[in-house]
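The values are calculated or read from the model by the stated rules, or taken from the named source; none is laboratory data. It should be emphasised that the depicted structure is a prediction, and the values quoted were computed from it without experimental measurement. FYI the Cβ positions are ideal-geometry reconstructions off the backbone, even for glycines, and counts take in every protein chain you see.
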Amino acid sequence: MGENSELLRLNELCVDYKVKDGYLSAVRNVSFSINRGEIFAIVGESGCGKSTVAHAILKLLPEHNEVIRGEIWYDGRDLNGLSEKELEKVRGHEIGMIFQNPLDSLNPVYTTGKQVQEGILLDNVPKAEAWNKVIEMYRDVKMPDAEKRVNSYPHEMSGGMRQRVMIGMMLARNPRLLIADEPTTALDVTIEAQILKLIRELRDEHDTAVMMITHNFGLVSEIADRVAVMYAGEVVEIGTVFDIFDEPKHPYTRRLMQALPRTTKAQGRLKTIDGSVPRLTNHKKGCRFANRCAYATERCRTEDPPVNDVSPSHSYRCFSEQGVKENG
Amino acid sequence: MAEAAIELVDLKKYFPVSNGFGRSRSYAKAVDGISLTINKGEIVGLVGESGSGKTTLARVILRLTDITSGTVIFDGVDLSKATRAQMKEMRTKVSVVFQDPASNLNPRETVLSSIMRPLVIHGINRKDAKEMATKAMSLVKMDARYLYSYPHQLSGGQLQRIAIARALVMNPKVMILDEPTSALDISVQAQILNLLLDLQEQLGLTYLVITHDLNVIRYISDRIAVMYLGRLVEFGPTQEVLDNPRHPYTKGLMAASPILNPHDRGREKYMMEGEPGSLIDLPSGCHFHPRCPYATERCRTEAPKDVRISELHQVNCFLAEKEDA
């Protein structure tokens, strides 16, 4: 993929939340890019800032409570510099977003079809045509009985169907980037497999890029092309899904890979990561993983580690230049 | 032959469903004729989609809810014929850890008082109870100073350790763990799974682990029990079931379960269509037949019986019957 297929690029994105005693640095110096038609996963444990990154792109964070610095280049524009009015044209139309629990995102007193139509009408499409598009969308997302289901209320649908409605709602406006924040966490594995298949097909057919926010490594290994691993507000490692699973370089990524239950108990206990995430006040320097890292030196605690490139696709943030080889 | 810790024989639990006029006409058959034996010192993993009756089965074993019919034999005692004293003793021998530790510890009580509560209820004096609580804390590898903490001061992993300590304090023989790690992050999940395995070896416990995460089940359990719409469709040794699932539903569930190796993503997958039905409006015959690619006329009309394909492996499917004959 060449330079011109780049759709979204974050440059040194920082998000600080205002708290009682100053600022909490929820996201620090996050940089990555997503290409057209690519499935890009941001993976990390709770509180690592992965959702904050997604919400910051569309400025969906609680107002007056946060400071966003850095650049969010989307299709030649810096979204961070746009006014609220200009952003409204980007949201939904250019970048669609689906959330974890579709029931929270759907209005219980309107039929789902009406809610999907509402989005289409924003693009000045005549009503009847919009309604036909709704039915078409329901077919596109493989909704059983599409013609009947457009008249169903959210409570009449199963969790899998509701998530299909949400995906249909986003796709109806042909966004070029779909941000999916834990799209299958509330679903059973069999339904999850169906939704993942659907997302993959949509990418193949419409060349939509997908930014997948998740804590589930199973999902990542199933569907992602490239992966960014986040820890305590920073991207610690970024690479293709094979780079991350086969040759993780950052000590945190390595430990996470060893903590995944991929073996049986007869093969020995899982590795764990001792300690806990430090409090993220923004004036602290140094590697944020230092207090839990077996290889940490004095330098790790006082200086910010550099980003090392392993290959054009693979980089990690650590002082160790060769990457960590031994198991800690 | 291994000794049985829990034996279920044709266990049924039906919940009446009101038709809106006060008279109940139908039932939600959450547990519909389950027979299985869990041996002493064994870890059995129970999997199934939501609404398959997994948690109801656990609640029935714990006697948190009454049995509609069938028997639960615990440590040789038939609980339906047990005396009050026997019941009370049984309650100390089976304990439970629920999914979300934050919501089942009292937010207004210290950890100590939460752990001591079952001891006090069973008539142990406070001084001994405190000592036992301290011991339970060391079993779950937590510092005794946390005894004086309140739940909101602790992390998810710490809370789950405390829930486990509370379950251990009565010296149970059997522990039922309902989604013990699904609310936790991967690194914490690994800690809790390791802790559970250490405790099981150290104390010779028997576990029934309920989860929807097949990777967790593969790691922790000796045998896997698969439920579908109130029935046990397959029950057998973990590796055997994973390598060679015999029931079509188990096959579908295995295929749908996320892989943890991206190199596996190219392989051919058997994708199960449709969604699990409802426990209220159950299909006739085999509950799985509407989604089963191998369903025959017989499956629509007749419920299959459990077929034993080896000493520890049973399958509820006509296909297994044929292959076996």
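Of the numbered criteria (1) loosely packed, with under 15 Cβ neighbours inside 10 Å; (2) within 14 Å of another protein chain (Cβ to nearest Cβ); (3) farther than 22 Å from B:Ala255 by Cβ; (4) charged (D, E, K, R), the one A:Arg149 fails is (1).
What are the pairs, 6+ residues apart or on separate chains, where a residue within region B:99-114 that is under 11 Å from B:His152 (Cβ atoms) has its Cβ under 7 Å from a residue that is among the aromatic types (Phe, Trp, Tyr) and part of a loop (DSSP other than H, G, I, E, B)? Qualifying pairs under 7 Å: B:Pro107/B:Tyr150. Among the residues of region B:70-85, is there at least one that is crowded, with 20+ Cβ neighbours inside 10 Å, aromatic (Phe, Trp, Tyr) and out of contact with any His (no Cβ under 7 Å at 6 or more places or on another chain)? Checking region B:70-85: at least one residue is crowded, with 20+ Cβ neighbours inside 10 Å, aromatic (Phe, Trp, Tyr) and out of contact with any His (no Cβ under 7 Å at 6 or more places or on another chain).
With the condition kept exactly as written, say whether any residue in region A:1-8 is over 30 Å from B:Leu184 (Cα atoms) and under 16 Å from the mean Cα position of the chain (by Cα). Yes, region A:1-8 has at least one match. Considering the conditions (1) at positive phi; (2) among the acidic types (Asp, Glu); (3) in contact with a Gly (Cβ under 9 Å, 6 or more places away or on another chain), B:Asp75 is excluded by exactly one of them, (3). Please determine whether any residue of region B:21-28 is modelled with pLDDT of 90 or more and among the hydrophobic types (A, V, I, L, M, F, W, C). No, region B:21-28 contains no residue that is modelled with pLDDT of 90 or more and among the hydrophobic types (A, V, I, L, M, F, W, C).
Only one of (1) in contact with a helix residue (DSSP H, G or I) (Cβ under 9 Å, 6 or more places away or on another chain); (2) more than 14 Å from chain B (Cβ to nearest Cβ) fails for A:Asp207. Which number is that? Failed condition: (1).
In the set A:Thr272, A:Thr240, only one residue is farther than 30 Å from A:Pro144 by Cβ, within 13 Å of another protein chain (Cβ to nearest Cβ) and more than 20 Å from the chain's Cα centre (by Cα); that residue is A:Thr272. Remark: pairs (first residue in region A:253-268, at pLDDT 90 or above; second residue acidic (Asp, Glu); Cβ separation under 6 Å; 6+ apart in sequence or on different chains) = A:Thr253/A:Glu237. Within region B:49-90, the residues that satisfy the criterion of being part of a loop (DSSP other than H, G, I, E, B) and among the small types (Gly, Ala, Ser) are B:Ser50, B:Gly51, B:Ser52, B:Gly53, B:Gly76, B:Ala82.
Within the bounds of region A:246-260, is there any residue that is aliphatic (A, V, I, L, M) and under 22 Å from A:Glu38 (Cβ atoms)? No, region A:246-260 contains no residue that is aliphatic (A, V, I, L, M) and under 22 Å from A:Glu38 (Cβ atoms).
Can you give me the ranges of the helices (runs of 4 or more DSSP H) entirely in region B:142-238 with at least 1 residues that are within 9 Å of chain A (Cβ to nearest Cβ), among the aromatic types (Phe, Trp, Tyr) and crowded, with 22+ Cβ neighbours inside 10 Å?
Helices (runs of 4 or more DSSP H) meeting the threshold: B:214-220.
Considering A:Met157, A:Met143, the condition of being in contact (Cβ under 8 Å) with a residue 24 or more places away in the chain and in contact with a Gly (Cβ under 9 Å, 6 or more places away or on another chain) is satisfied by A:Met143 alone.
For region B:239-290, the set of residues classified as at the interface with chain A (Cβ under 7 Å from one of its Cβ atoms), more than 24 Å from A:Asp246 (Cα to Cα) and not in a loop (DSSP other than H, G, I, E, B) consists of B:Gly252, B:Leu253, listed by residue number. Residues that are of a type in the set (Asp, Glu), touching a helix residue (DSSP H, G or I) at 6+ places or on another chain (Cβ under 9 Å) and on the phi < 0 side of the Ramachandran plot occur in region B:46-58; there is at least one.
Taking the criterion of being buried (at least 20 other Cβ atoms within 10 Å of the Cβ), closer than 16 Å to B:Asn261 by Cβ, out of contact with any helix residue (DSSP H, G or I) (no Cβ under 8 Å at 6 or more places or on another chain) and in contact (Cβ under 8 Å) with a residue 12 or more places away in the chain, would at least one residue in region A:234-252 satisfy it? For region A:234-252, residues buried (at least 20 other Cβ atoms within 10 Å of the Cβ), closer than 16 Å to B:Asn261 by Cβ, out of contact with any helix residue (DSSP H, G or I) (no Cβ under 8 Å at 6 or more places or on another chain) and in contact (Cβ under 8 Å) with a residue 12 or more places away in the chain: present.
Among the strands (runs of 3 or more DSSP E) confined to region A:1-104, the ones with at least 2 residues that are crowded, with 19+ Cβ neighbours inside 10 Å and within 14 Å of chain B (Cβ to nearest Cβ) are located at A:39-43.
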